[in-house]
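Read the structure below first, then the notes.
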Amino acid sequence: MRDTVADGALLYLGKCGEQGATRILFPFADTWRALFGEGTFQLLVRRPTEDEPYAAPVTEENGNAVWEVGAADTAVAGLGKCELVYVAGERIAKSVTYLTRTDPSLGEAAAEAPAPWSSWVDSVLRAGAQAQQGAETGTAAAREAVQAGTAARSAADGAVDARDAAIRAEANARVSAASAQAAVGQMAYVSFTMSGAGHLVMKNADLAGTTVFALGSDGHMEVTL
């Protein structure tokens, strides 16, 4: 493959119909990036006898912007033009306008040119709009993620509060059960019998004596322990 450095006003592309035989090296890719910041290169090509330019693909290699000349670029013999464009955000830098030369060859039909420059501008604008929309979507997603994180933290705090309440309830239940058990242990179980004298007698195993109920002469119930 022939490598031609774009250091003059005229660039030789080859003969009609050639493809992948010539590369044009623009030796200022690193310089432009240092000057204007991160961006992308695009090459505008206008073939001989045509009015509309089109965008040709450009790669980067060893500090050069590289145009590999294809069949569409060499489809028409004569003198054309090309111009390198660098887009870095809102900054747009352009090289000098080079003359290109394509020599005729035998029996070669013209290849169809890529989309014209106006279409490329539209595609760039569409890409920019899509990037902006993507950024807005990403911002909204980040906002929703923050809100979800806040809700998750609130739910976690609520779960901790519920756990603490459950622990307190369990402790209270244990205290109540222990109190109930102690009360049961302190209960006195009573049995009643009738004495030979016709008195109602209460017997309590926890008491030392026997409790006797009798009706006094005044009609009141008398209790004898």
Going by the conditions given, is residue 27 surrounded by fewer than 16 Cβ atoms within 10 Å (Cβ to Cβ), within 12 Å of residue 84 (Cβ to Cβ) and assigned by TED's automatic domain parsing to the domain that holds residue 89? yes
Residues of the stretch 64-96 being touching a residue at least 40 places away in the same chain (Cβ under 8 Å) and not in a strand (DSSP E or B), in sequence order, are 69, 70, 71, 72, 73, 74, 75, 76, 77, 89, 95, 96
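Going by the conditions given, is residue 68 within 18 Å of residue 5 (Cβ to Cβ) and among the acidic types (Asp, Glu)? Show your work before the answer.
Details: within 18 Å of residue 5 (Cβ to Cβ): yes; among the acidic types (Asp, Glu): yes.
Judged against the criteria, residue 68 is a match.
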Residue list for the stretch 1-51, restricted to those being hydrophobic (A, V, I, L, M, F, W, C) and assigned to a strand (DSSP E or B): 5, 10, 11, 13, 24, 25, 26, 41, 43, 44, 45
Which condition number does residue 11 fail, the rest of (1) within 44 Å of the chain's Cα centre (by Cα); (2) buried (at least 19 other Cβ atoms within 10 Å of the Cβ); (3) at pLDDT 95 or above being met? (1)
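Being in contact (Cβ under 8 Å) with a residue 24 or more places away in the chain and under 22 Å from residue 77 (Cβ atoms) narrows it down to one residue among 11, 25, 35; which is it?
The unique qualifying residue is 11.
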Looking only at residues in the stretch 30-51 that are aliphatic (A, V, I, L, M) and farther than 15 Å from residue 99 by Cβ, which one is surrounded by the most Cβ atoms within 10 Å (Cβ to Cβ)? 35
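Out of the residues in the stretch 81-106 meeting the condition of being among the hydroxyl-bearing types (Ser, Thr, Tyr) and surrounded by 15 or more Cβ atoms within 10 Å (Cβ to Cβ), tell me which one is farthest from residue 4 (Cα to Cα).
86
The values are calculated or read from the model by the stated rules, or taken from the named source; none is laboratory data. As the structure is a prediction and not an experimental result, all values here were calculated from the model. All Cβ positions, even for glycine, are placed from backbone atoms using ideal geometry, and neighbour counts span all protein chains on display.
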